[in-house]
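Have a look at the structure below before the remarks.
The values are calculated or read from the model by the stated rules, or taken from the named source; none is laboratory data. Keep in mind it's a predicted model, so treat the numbers as computed, not measured. Virtual Cβ from ideal backbone geometry, glycine too; neighbours counted across all protein chains shown. Calculation scope for accessible area: heavy atoms of the full protein, side chains included, ligands and nucleic acids excluded. Shrake-Rupley method; radii C 1.70, N 1.55, O 1.52, S 1.80 Å.
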Amino acid sequence: MALSGRQKVIREIIGWLMVVLIPLVMVFFLNMKVFAISVVDQYSMNNTLYKGDLVFYNRINYNINTIERGDIILFLDGKIKDGFISELSIKIQDLLDNFRPETQRVNTRLVKRVIGLPGDVIDIRDGEVYINGVKETGDYVHGVTPPFSGEYPLTVPPGKLFVMGDNREISKDSRSYGCIDARSVEGKAVLILWPLSRIGKPD
């Protein structure tokens, strides 16, 4: 039976919607499970990452079992991902945040370096960090490292991470708000995409 003009128009509209929606849905789920791209909005990672850097983060199989000391991570501030439903809720909130004023956005993300894994003993004294009794020697450290608050040495609890910014004198990190939950981690920084002069793997 021949389609009416109206049916043809409806079918064509549905066809175009599918062409647009399917790629969008694919990107949405890839961004939720495979990768993240985020602009650095802090000075706490100088001189490794700078405010305004566009960074690609790997999400694939990145969890408490694969996180390594020294990784630069993107994580949710004050939230955790506890299964598919919570991940989906966070991504939907991200979409809605695009239409909210910055001060009213629900999700906030931070970028820091993993210093302590579960079970590690962290000590901060005389402006230096000691991990399991061994002095930290990374070239990424910018400035001296004040303890800010808390008592040291401390042992990183199970399922938690001790994180710090490379710009140690100004960074607000685990020295201020304690260890973070590994379930808040969204990915590992693997590539600086912008600016062009800084394209490459962050050290």
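Overview of values
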item	result
Condition met for TYR140 (surrounded by 14 or more Cβ atoms within 10 Å (Cβ to Cβ), of a type in the set (Phe, Trp, Tyr) and touching a residue at least 12 places away in the same chain (Cβ under 8 Å))	yes
The stretch 159-203, residues that are within 23 Å of ASP120 (Cβ to Cβ) and either among the basic types (Lys, Arg) or without any contact (Cβ under 8 Å) to a residue 24 or more places away in the chain (or both)	LYS160, ARG168, LYS172, ARG175, TYR177, ARG183, LYS188
Verdict on GLY187 being under 21 Å from ASN63 (Cα atoms), open to solvent by less than 40 Å² (accessible area, probe 1.4 Å) and small (Gly, Ala, Ser)	yes
Failed item in (1) at pLDDT below 95; (2) at negative phi; (3) more than 24 Å from the chain's Cα centre (by Cα), with GLY138 passing the rest	(3)
Any strands (runs of 3 or more DSSP E) falling wholly within the stretch 102-203 and containing at least 1 residues that are closer than 20 Å to LYS79 by Cβ and touching a Lys or Arg at 6+ places or on another chain (Cβ under 9 Å)	109-116, 160-164, 185-194
Scope the stretch 101-132; condition open to solvent by 70 Å² or more (accessible area, probe 1.4 Å) and more than 17 Å from the chain's Cα centre (by Cα); matching residues	GLU102, THR103, GLN104, ARG125, ASP126, ASN132
Extreme residue, surrounded by the most Cβ atoms within 10 Å (Cβ to Cβ), among residues of the stretch 61-79 that are at positive phi and either modelled with pLDDT under 95 or not in a loop (DSSP other than H, G, I, E, B) (or both)	GLY78
Yes/no for LEU96 being free of Cβ contacts under 8 Å to residues at least 60 places away in the same chain, open to solvent by 70 Å² or more (accessible area, probe 1.4 Å) and out of contact with any Asp or Glu (no Cβ under 9 Å at 6 or more places or on another chain)	yes
